[in-house]
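**Q** The structure follows.
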Amino acid sequence: AVVSTQSTGDAFFTRSFYKHILGVPVQYTDIEAIDPQYYKNLVWLLENDVTPMEMNFTAEADVFGRPEVVELKPGGTNLLVTNENKWEYVQLIAEMKMTSSIKGQIDAFLKGFNELIPKTLISIFNELELELLISGLPDIDVDDLRGNTEYSGYTVDSPQIQWFWQAVNSFTQEERALLLQFVTGTSKVPLEGFKALQGMSGLQKFQIHRVRGYTDRLPSAHTCFNQIDLPEYETQEQLEKALRTAITEGAEGFGFG
């Protein structure tokens, strides 16, 4: 895609790659959109006792086409992963998978990209805004999205679902794009409409899942499944406020599992 001041290109990258363009560090949560099973494994490590596993700060990486064990930090071979340092381990292994293992390709892309667009011109944006800047604001047909949505724990007649779609209908196009980014990981609308929405394993409709209780929590998302987890909010105002906060300020608020 060619990017200029007068046109946008059909270029969509993962959230972690937009972070690379901006020079923003990736987080382990970013890996969910790339490899959901690997992400689940990392979450399991964070939620369970890792002592019996006797892991160290190393990982297998592809080095010139051959698998090799590399250290995640100096001395990693002799450093055991414990319940005290496992957060560091998870973050380092995620950085290795999303950054250091493809550093050559990232650097080559950024060299060309920054010749077209100096980094100083995009440094004011976050990764979500950068996607919209590069790819343009999509035209989101709410009726089409609603007609291709599946529910778990809710029905089409549930008050929270009625409130959800009333909120989306009241959104600006930019807010609808942020919602699509939040739930699917990209603002791209399929050419054939939302019936052709893709997930990690092929066609995957937009999903709204019920979260019982926890009405003080924001909605969370699983981008690999095009899924938003929506708490049982008690009023339309509460739901709309939480939804707007989640898509504009809670971009990192991905759910586990």
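The values are calculated or read from the model by the stated rules, or taken from the named source; none is laboratory data. For clarity, every value in this text was computed on a predicted model and none was experimentally measured. Here the Cβ positions follow ideal geometry from the backbone for every residue, glycine too, while neighbour counts run over all protein chains shown. Accessible surface areas use protein heavy atoms only, side chains included; no ligands, DNA or RNA. Shrake-Rupley method; radii C 1.70, N 1.55, O 1.52, S 1.80 Å.
**Q** For residue 188, which lysines qualify as cross-link partners when the Cα separation must be under 19 Å and same-chain residues fewer than eight apart are set aside?
**A** 19, 205
**Q** When the accessible area of segment 151-257 is split by element with a 1.4 Å probe, what percent falls to carbon and sulfur?
**A** 49
**Q** Please quote Rg/Rh for segment 190-231 to two decimal places, taking the Kirkwood radius as Rh and restricting both calculations to Cα atoms.
**A** For segment 190-231, the value is 1.09.
**Q** Moving on to the next point. Residue by residue, what Karplus-based ³J(HN,Hα) values in Hz, rounded to whole numbers, does segment 93-101 have, using 6.51, -1.76 and 1.60 with θ = phi - 60° and x for Gly and Pro?
**A** Values, residue by residue: 6, 5, 5, 4, 5, 9, 10, 5, 6 Hz.
**Q** Per residue, what accessible area does the chain have, given a 1.4 Å probe and all protein chains present, in Å²?
**A** Result: 53 Å² of accessible area for each residue.
**Q** Could you state the angle between the C-alpha long axis of helix 36-47 and the longest principal axis of the C-alpha atoms of the chain, as a value from 0 to 90 degrees rounded to the nearest 10?
**A** The answer is roughly 70 degrees.
**Q** For the chain, the longest stretch holding no GluC sites (Glu not before Pro) located in a DSSP loop with at most 12 other Cβ atoms within 10 Å is which?
**A** Longest gap between qualifying sites, sites excluded: 85-191.
**Q** Just how large is the dipole of segment 87-237 about the Cα centre, in debye to the nearest 20, putting +1 at every Lys and Arg Cβ and -1 at every Asp and Glu Cβ?
**A** 460
**Q** Would you count, across segment 52-185, every pair of lysines whose alpha carbons are under 19 angstrom apart, provided the pair is eight or more residues apart or spans two chains?
**A** So the count works out to 7.
**Q** If one computes the Cα centroid of segment 103-161 and of segment 8-68, what distance in Å separates the two points?
**A** Centre-to-centre distance over Cα atoms comes out at 20 Å.
**Q** Return the label of the correct value of semi-axes √(5λ) of the Cα gyration tensor in Å, as calculated from the structure shown, out of (i) 34, 20, 16; (ii) 33, 26, 15; (iii) 42, 21, 14.
**A** Among (i) 34, 20, 16; (ii) 33, 26, 15; (iii) 42, 21, 14, the one calculated here is (ii).
**Q** Here is a follow-up. Can you compute 3J(HN,Hα) from phi for each residue in segment 16-29, using the Karplus curve 6.51 cos²θ - 1.76 cosθ + 1.60 with θ = phi - 60°, rounded to whole Hz and x for Gly and Pro?
**A** Running phi through 6.51 cos²θ - 1.76 cosθ + 1.60 with θ = phi - 60° gives 5, 6, 4, 5, 4, 4, 8, x, 9, x, 6, 10, 4, 5 Hz.
**Q** Further question: If each of residue 53 and residue 156 carries a label point 7 Å out from its Cα toward its Cβ, how far apart are those two points in nm?
**A** Spacing of the two 7 Å Cα→Cβ label points: 4.4 nm.
**Q** Return the carbon/sulfur percentage of the accessible area of segment 58-119, one whole number, probe 1.4 Å, all protein chains in place.
**A** Answer for segment 58-119 is 59 percent, counting heavy atoms of protein chains only.
**Q** For residue 99 paired with residue 115, estimate the spin-label separation in nm (one decimal), with each label point 7 Å from Cα along the Cα-to-Cβ line.
**A** Calculated label separation equals 2.6 nm.
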